[in-house]
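Before any comments, here is the structure.
The values are calculated or read from the model by the stated rules, or taken from the named source; none is laboratory data. Source: prediction; values computed, not measured. Methodologically, a virtual Cβ is constructed for each residue, glycine included, from the backbone with ideal geometry; neighbour enumeration extends over all protein chains shown.
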Amino acid sequence: MKLLRFLITIALACGLTGIAKADQLDFHMVVLDPFATTPIFTTPFSFTFDTCVQGQLPTNVVGSYEGCFSGVNRTGEDWIGLQLVFSNTAPLGSQPAGCALDGSTDYFQIASCSLTTDQSTYILNFTSGAIPNNGSFTIAEDGVDPSLFPLVSATVITAATPEPESIWLLSTGVMSMGSFLYSRRKGAAKTGNA
């Protein structure tokens, strides 16, 4: 129940701030979990938006989105974060970026959006979640004609590959060296006795 109140408060805050600006060009972007069409084998990758088509977004998406990019993670690693970077072009008009989460279909639970201090580039970060290897996703935007949206560069954060503990490495190295020296000494003793 507290979560529902929190989500309603966030929705009202986002809605009221949009009304206060009276700017029809405000855009909003989310990373969702639908079907996929474009396999992503390497990162970073770039994409452009196309007009969203029927069935491209999950049925329980709250917002209405104009532009969509759907893909599938085929990199062999889970993505635990996603950073989207794109230029501030005339259609975007230096407007504030909205990254409020859309509900239960969001892959990531934390989103932050900003425009660089020189007003030239948008940086959107999505964290605290994961797009699994072979997982489908859609990045959707609202507020700008998809054909006018600039090229988006996407950089992913992958889970760190765990390394063996240093004591394990040290002990195997010492044992290997001891075994080598023992066999060498034993071999020298045999040649000395013969």
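The table that follows gives values for the structure above.
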{"item": "Qualifying residue in segment 95-109 (condition: touching a Pro at 6+ places or on another chain (Cβ under 8 Å) and in a loop (DSSP other than H, G, I, E, B))", "result": "yes"}
{"item": "Residue in segment 50-57 that is among the charged types (D, E, K, R), in the same structural domain as Ile131 (by TED's automatic domain parsing), part of a loop (DSSP other than H, G, I, E, B) and surrounded by 14 or more Cβ atoms within 10 Å (Cβ to Cβ) present", "result": "no"}
{"item": "Within segment 58-88, considering residues that are surrounded by fewer than 14 Cβ atoms within 10 Å (Cβ to Cβ) and of a type in the set (Ser, Thr, Tyr), the one farthest from Thr138 (Cα to Cα)", "result": "Ser87"}
{"item": "Within segment 115-132, tally of residues that are assigned to a strand (DSSP E or B) and either under 20 Å from Tyr65 (Cα atoms) or within 15 Å of the chain's Cα centre (by Cα) (or both)", "result": "9"}
{"item": "Residues of segment 108-129 that turn out to be of a type in the set (Ser, Thr, Tyr) and either in contact with a helix residue (DSSP H, G or I) (Cβ under 6 Å, 6 or more places away or on another chain) or crowded, with 20+ Cβ neighbours inside 10 Å (or both), as a count", "result": "1"}
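A quick yes/no check of all residues on (1) within 19 Å of the chain's Cα centre (by Cα); (2) surrounded by 11 or more Cβ atoms within 10 Å (Cβ to Cβ); (3) farther than 16 Å from Val72 by Cβ; (4) at pLDDT below 90:
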| site | (1), (2), (3), (4) |
| --- | --- |
| Asn134 | yes, yes, no, no |
| Val144 | no, yes, yes, no |
| Leu148 | no, yes, yes, no |
| Leu151 | yes, yes, yes, no |
| Thr155 | yes, yes, yes, no |
| Thr161 | yes, no, yes, yes |
| Ser166 | no, no, yes, yes |
| Gly173 | no, no, yes, yes |
